[in-house]
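The values are calculated or read from the model by the stated rules, or taken from the named source; none is laboratory data. Just so it is clear, the model here is predicted, and its values are computed rather than measured. FYI the Cβ positions are ideal-geometry reconstructions off the backbone, even for glycines, and counts take in every protein chain you see.
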Amino acid sequence: MKKGKNYWLILIFTCLAVIGCVKKYKRTVNVCSNKLYVEIFNVNTAGVDAHYLTDSLSFRLYVGRFDNEHENFHYMCERDSVVIEKLATVDTSGIRQVIESRAYKLEDLKNKRNFK
């Protein structure tokens, strides 16, 4: 009988894991004076979100995932480029610091050049 209980527990946890990994649309946010948008998806029930940068016409760039409790992305426009910074809480102070920074030229994004 014990093997049967383990089977059901494994099945339940597997289903929860699969359901939790399905990407669910949350919202779209305007950035860069309404020139660009960030589509935000919840990717699991633990509070992990995924961001996609887009202009809604010519490109859609996967920015990355982050844990809502400790991380976030910040977007800044500088002339013809967008700078994306990943911020994270790195100590007990709760202040978030830049742990990664990437810059993209809007022209390259629109022409799908030089980005991953």
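Only one of these is over 26 Å from Leu106 (Cβ atoms) and in contact (Cβ under 8 Å) with a residue 24 or more places away in the chain: Asn72, Asn68, Asn44. Name it. So that I can check it myself, show each step before the final result.
Details: Asn72 fails: over 26 Å from Leu106 (Cβ atoms); Asn68 fails: in contact (Cβ under 8 Å) with a residue 24 or more places away in the chain.
The conditions single out Asn44.
Summed over region 60-116, the residues that are surrounded by 13 or more Cβ atoms within 10 Å (Cβ to Cβ) and among the charged types (D, E, K, R) give a count of 10.
Here is a yes/no grid of residues against (1) aliphatic (A, V, I, L, M); (2) touching a Gly at 6+ places or on another chain (Cβ under 6 Å):
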| residue | (1), (2) |
| --- | --- |
| Arg27 | no, no |
| Asn34 | no, no |
| Phe41 | no, no |
| Thr45 | no, yes |
| Met76 | yes, no |
| Ser81 | no, no |
| Asp91 | no, no |
| Ala103 | yes, no |
| Lys112 | no, no |
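Might you check whether a residue that is within 13 Å of the chain's Cα centre (by Cα), at pLDDT below 85, at negative phi and surrounded by 12 or more Cβ atoms within 10 Å (Cβ to Cβ) occurs anywhere in region 44-53? Yes, region 44-53 contains at least one residue that is within 13 Å of the chain's Cα centre (by Cα), at pLDDT below 85, at negative phi and surrounded by 12 or more Cβ atoms within 10 Å (Cβ to Cβ). Residue count for region 75-116, restricted to those that are of a type in the set (A, V, I, L, M, F, W, C), farther than 27 Å from Leu57 by Cα and touching a Ser or Thr at 6+ places or on another chain (Cβ under 9 Å): 1. Applying the condition of being modelled with pLDDT under 90 and in a strand (DSSP E or B) to region 67-84 and asking which residue is nearest to Ile99 (Cα to Cα) yields Asp67.
Checked against the criteria, Ala103 does not count as of a type in the set (Gly, Ala, Ser), modelled with pLDDT of 90 or more, out of contact with any Pro (no Cβ under 7 Å at 6 or more places or on another chain) and over 19 Å from Leu36 (Cα atoms).
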